[in-house]
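S.K.: Mind looking over this structure? Questions follow.
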Amino acid sequence: GNTTTYIIERSTTMASKEVCTPTTASKGCTTPGCTNPITKPLACPKCMQYSVRNVFCGQKCFKENYNTHKRIHAILQQMGGGGSSNNSSSSHRKTPPANGIVCPIDAPRDVQTSLPTWANHYKFSGELRPALLSPKRPITNSKVRKPDYALHPGGESESEQRDRASNNNIRVYGVDELEGECNLRYATRMGREVLDAGGKALRVGVTTDEIDRVIHEASMERECYPSPLNYYNFPKSVCTSVNEVICHGIPDYREVQDGDIVNIDVTTYSRGGYHGDLNETFMVGNVDADGRRVVKTAFECLQTALAMVKPGTLYRDLGSKIHKVAAANKCSVVKTYCGHGIGSLFHTAPNIPHYVKNKAKGVMKKGHVFTVEPMINLGAYSDITWGDNWTAVTSDGKRSAQFEHTVLVTKDGCEILTARENEPVMTWDPALLQR
């Protein structure tokens, strides 16, 4: 097949992306004999693990030809030298494994903490460095309901794609969808429990991969699918964003350090077919004054925005209030990622930008369900994406913090569906975030 240096841009991410720029690939479709123009390229995710970019002209071509195409994966593995057995003395090498991204959980520590291949010559904006990843965690509870993207080779949600193509309305949720076994309110409550479990495990010296294990197992115990897993090929069950990472940090073998700020972003998908999404930023050990300032500012930005949520509020007006709080604390608001509608779909209308003078459409009505999740930076608002195609970091390497809730618009205000127990209105208590 053809190999290219093209890197596919996703139009959907776990925090919805505000701006998407369509691009085209420079070479033809990988499928032999295909002459279709490439206007919406799809890169094979398995090939990308071997640093080879085989691009298809689209979803249909990829799915129809995948059984033939996947034969190349065994060849790529052999070319990378990854054929030693677990019992061989050579299986634990002092160099990263063949695909340069994943290594076993029993690999030596110096292997686990080595850089993935994409990072060897990458110019980082800050001090944080990635480590290797553990293997993908399996769904071990047979009662777990899987969303449509869970088994898709590209991690694409066809239900979301249909929704974006045909629906411009914001869904109104009724009592039957909110209440009852495993429905929307249940999904959000499970999300809260899972985040609390992950937060309790966080401490100096723990790896973010261990946080992923705790989140994954807590989801299995509650018969929930961890929504990030395989969503557009995201490899883990939770996003862990450390220091200058704004969002979509991938859990790895790096140990959390004294003074880190760590965001844990959880979404659970219930057996009833609903998602519940929330996140919090924790302060680990001795966090300095600037770190504490950005964490508190992010909390207050969300707190202020949620106080505005009620029928009749324009979605675009949230950004003005968020901006004022951030600016008063000498912080900036990320513009690339926004809040989103949620429920039976992970991401749907409305889009909710967090910055001033945005052009978001829509007016809040009773029964609307959505997330608000402002990302607040100590320095510039601009972001860049690491070579893993997921991790969004600040362009100047300064730290970023975030809090998120899923909320329901009620007749005279809102209900925070993902609220802490006995905290119907957000209340700042730094002790709850100290680890």
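S.K.: Helix-derived [θ] at 222 nm for the chain: sum -39500 (n - 2.57) over DSSP H runs of at least 4, divide by residue count, nearest 500?
M.R.: Calculated mean residue ellipticity at 222 nm is -7000 deg cm²/dmol.
S.K.: Kirkwood hydrodynamic radius, segment 294-398, all distinct C-alpha pairs: what's the number in Å?
M.R.: 14.2
S.K.: Among Asp110, Asp265, Asp388, which one shows the highest mean-square fluctuation when the chain is modelled as a Gaussian network with alpha-carbon springs under 10 Å?
M.R.: Sorting by GNM fluctuation, first place goes to Asp110.
S.K.: Could you give the length gained by full extension between Lys357 and Glu181, i.e. 0.36 nm per residue of separation minus their alpha carbon distance, to one decimal place?
M.R.: Answer, rounded to one decimal: 59.3 nm.
S.K.: Cut-off 10 angstrom, C-alpha nodes, Gaussian network model of the chain. Which of Ile376, Ile215, Ile38 fluctuates the most?
M.R.: Top of the fluctuation ranking is Ile38.
S.K.: Take Val194, Val363 and sort them by solvent-accessible surface of the protein heavy atoms, 1.4 Å probe, largest at the top.
M.R.: Val363, Val194
S.K.: Could you identify which residue out of Lys60, Lys136, Lys365 has the top mean-square fluctuation in a GNM of the chain using Cα springs shorter than 10 Å?
M.R.: Lys60
S.K.: Shifting gears a bit: When the Cα atoms of the chain are enclosed in a convex hull and the volume is divided per residue, what value in Å³ results?
M.R.: Dividing the Cα hull volume of the chain by its residue count gives 143 Å³.
S.K.: From the gyration tensor of the Cα coordinates in segment 254-326, what semi-axes in whole Å does the equivalent ellipsoid have, largest first, with each one equal to sqrt(5λ)?
M.R.: Semi-axes (√(5λ), whole Å): 27, 22, 7.
The values are calculated or read from the model by the stated rules, or taken from the named source; none is laboratory data. As the structure is a computational prediction, the values presented were derived from the model and not from experiment. For accessibility, only protein heavy atoms count, side chains too; no ligands or nucleic acids. Shrake-Rupley method; radii C 1.70, N 1.55, O 1.52, S 1.80 Å.
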